[in-house]
Every structure is written in C-alpha cells, then in structure tokens.
Amino acid sequence: MTYRLPPDPTEHGDRSPDNTRPTSRLESFSDGVMAIAITALAFSLLQARPENGSLGSAIRHQWPILAAFLLSFMRIGIYWLNHHFAFKLIARTDHWANLLSLLLLLTIAVVPYPTAILARALIDQHELKLASVLYIGSLAASSLAWNLLFRYMRRRGLIDHAVEPEYLTRLAGFYRFGLYGILAAFALSFVNAYVGLTLSLVFTVVSLRPPPDPAYRETAA
C-alpha cells in the first residue's frame, strides 16, 4: 500500500481564492534591492580621492561626488520609507502588483549609474545639461513607478479594507505631489541643469516629511 504525505498548507504561499498573496516576500525582496542600490551608490565615494595638490583642494574639486551621493541616498531612502509605511496598510499583493514592484525596483537599482554620470559632469562641466536630464529623469521614473504601484493596489482592493477611503485619497495626493514636483524639475532640466537640480533637491527635502496619519473605519462594538 502506498501512502502519500498530506499537502503542505504553506506550499501555495497562503494563496487566496482571488489569487492574491501576503506581502511579506515582496517586502523582504524590496528591502534587499534597496539596500544593494544604496551599497552600490556608496562605491561612487571611492572616486573621491586626492590626485594633484593638497587634500583640501581635492575635496573642494570633487564635492559633486558627495553631493550627488547624498541626493541619491535621500531619494532611495524616501522610497524605502514610503514602501515601509504603505505596506503597513496593504494587506495582499498579486501578480500585477508584483510586476509593478519590479518596475519600481528597477528604477531604483539603476540610480547609481546616472548618479555617477552627474557627478562627473559637475566636475568636468561637460555635457552637464544631458547628465542632469538623465539623472532627474531616473528620479522621475521612480516616482512614477511608485505612484502607479500605489494606484493599482488601491483600485485592486489590495489595501486593508479597514482603512478609510478618504484617507487613501489624501495619501495618494501626498504621493502625487512629489511626482509633480520631480516632473517639473525634469522639464526645467532641459532649460537649465542647475535649476532642475535645485528643484529636485527642494522636492526631495520636502518629500522627507511624514505622510498623514492613517485613519480607520469605526467598528461596531
């Protein structure tokens, strides 16, 4: 007689009838990708080494490397903060939400590349406008991907149903404000690189403010 083991209840990842899943694996994977992106970003600091002259003059000459690193670090940090906050409200995920998450992570993972290009362009003062367009465009892509992800999860009903709909409207507006700001900076970078970069910095600092506190539906006693 042949005996078969009972099915493992975790084999299908706690899949629900509507093919949604818990968010724990997505959160862990996203944390890992963002951590790697920040680590890769830190390697750009290895370029900041004295070449000719005094250490002080070398540091003054290579300040764009540190400035570009700090701005990019803040941008990646903002998405980690947003991700950490929003996924306390999001109850489930599905295939398309995972794909949109991968799109967001792609835009974050490539940030070290335009950051290095921008730092070098600031030092050499060569092709600065193109470098700023490429850099700010990458930031705009991340902001757009985040807004698309949140919009999809909201419309798909993947957010905890106990959260007030009016609150989700305010939170979506909070995220859109950052998107509109970075899109404005992107457009201005075609005209003047420094104006676009300055506006990017302003909206990055503004985006560090905390989101509105969650509001939940009242439950009957």
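The values are calculated or read from the model by the stated rules, or taken from the named source; none is laboratory data. Model, not experiment: these values are computed from the prediction. All Cβ positions, even for glycine, are placed from backbone atoms using ideal geometry, and neighbour counts span all protein chains on display.
At a glance:
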{"quantity": "Test: L149 is surrounded by 19 or more Cβ atoms within 10 Å (Cβ to Cβ), under 18 Å from S28 (Cβ atoms) and hydrophobic (A, V, I, L, M, F, W, C)", "calculated": "yes"}
{"quantity": "Y194 being surrounded by fewer than 17 Cβ atoms within 10 Å (Cβ to Cβ), more than 22 Å from the chain's Cα centre (by Cα) and closer than 30 Å to P64 by Cα", "calculated": "yes"}
{"quantity": "Any hit, region 60-68, residues being touching a helix residue (DSSP H, G or I) at 6+ places or on another chain (Cβ under 9 Å) and either hydroxyl-bearing (S, T, Y) or within 20 Å of A172 (Cα to Cα) (or both)", "calculated": "no"}
{"quantity": "Residue in region 79-91 that is nearest to the chain's Cα centre (by Cα), counting only those that are surrounded by fewer than 20 Cβ atoms within 10 Å (Cβ to Cβ) and more than 18 Å from G178 (Cβ to Cβ)", "calculated": "K88"}
{"quantity": "Where a residue in region 83-95 is at pLDDT below 95 and of a type in the set (F, W, Y) and its partner, wherever it lies, is part of a loop (DSSP other than H, G, I, E, B) and surrounded by 17 or more Cβ atoms within 10 Å (Cβ to Cβ), with Cβ under 6 Å and at least six apart", "calculated": "F87/T23"}
{"quantity": "Unique residue being modelled with pLDDT of 95 or more and out of contact with any strand residue (DSSP E or B) (no Cβ under 8 Å at 6 or more places or on another chain) when the list is L102, L55, L45", "calculated": "L102"}
{"quantity": "Criterion (part of a helix (DSSP H, G or I), within 22 Å of H83 (Cα to Cα) and at pLDDT 95 or above) met by exactly one of L144, L188", "calculated": "L144"}
{"quantity": "Every residue from region 158-169 that is surrounded by 13 or more Cβ atoms within 10 Å (Cβ to Cβ) and either without any contact (Cβ under 8 Å) to a residue 60 or more places away in the chain or under 13 Å from P214 (Cβ atoms) (or both)", "calculated": "I159, D160, A162, V163, E164, Y167, L168"}
{"quantity": "Of all residues making up region 109-138, the number that are of a type in the set (A, V, I, L, M, F, W, C), in contact with a Ser or Thr (Cβ under 6 Å, 6 or more places away or on another chain) and outside any loop (DSSP other than H, G, I, E, B)", "calculated": "3"}
